[in-house]
Amino acid sequence: MKRHMTKDQEFDIMKMVLDKFLWVGTFIMVYAFYKMITLSVDLVYGLAIMVSGVIILLLFMWLLVKEYHFMK
């Protein structure tokens, strides 16, 4: 017999997984800030990495909010 999870259990698991992706976005932004400080000549490279970190954070934040509204 197959057991099914409740919607709350599925949402809790999704929060744990997306939390890891949000940490990845944060680490990308910290790395970009480090590169911007150490490579003072090439700020465009650090800025490009930081923008990619922001995009990752916004994408996964949007997914989390979308699923949260689905649960309500």
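Treating the beta-carbon of each Lys and Arg as +1 and of each Asp and Glu as -1, no other charges, what is the dipole magnitude of the chain about its Cα centre, to the nearest 20 debye? The partial results should precede the final answer.
Numbers: 8 positive and 6 negative charges, 55 e Å.
About 260 debye.
Just need the relative contact order of the chain here, percent rounded to a whole number, with Cα pairs under 8 Å and 6+ apart.
38 percent
Which one of Met16, Met50, Met61 has the biggest mean-square fluctuation once the chain is modelled by GNM with Cα springs under 10 Å?
Evaluated over the chain, the most mobile residue of the options is Met16.
Once volume of the Cα convex hull per residue in Å³ is worked out from the coordinates, which option in [x] 92; [y] 173; [z] 79 does it equal?
The calculated read-out lines up with [z].
Describe numerically, in nm with one decimal, the distance between label points set 7 Å from Cα along Cα→Cβ at Met5 and at Phe33.
With each label point 7 Å from Cα toward Cβ, the separation is 3.2 nm.
Grab the chain and count how many Lys pairs have their alpha-carbon atoms under 16 Å apart, sequence gap of 8 or more, or different chains.
5
Would you mind telling me which residue in Leu39, Leu59, Leu22 has the biggest mean-square fluctuation in a Gaussian network model of the chain, where springs connect alpha carbons within a distance under 10 angstrom?
Top of the fluctuation ranking is Leu39.
How large is the charge dipole for segment 1-41, taken about the Cα centre, if only the Cβ atoms of Lys, Arg (+1) and Asp, Glu (-1) carry charge, to the nearest 20 debye?
Details: 6 positive and 4 negative charges, 28 e Å.
Dipole of segment 1-41, to the nearest 20 debye: 140 debye.
Each value in this text was obtained by applying a stated rule to the coordinates, not by laboratory testing. Because the structure is predicted, anything quoted here is derived from the model rather than measured. Virtual Cβ from ideal backbone geometry, glycine too; neighbours counted across all protein chains shown.
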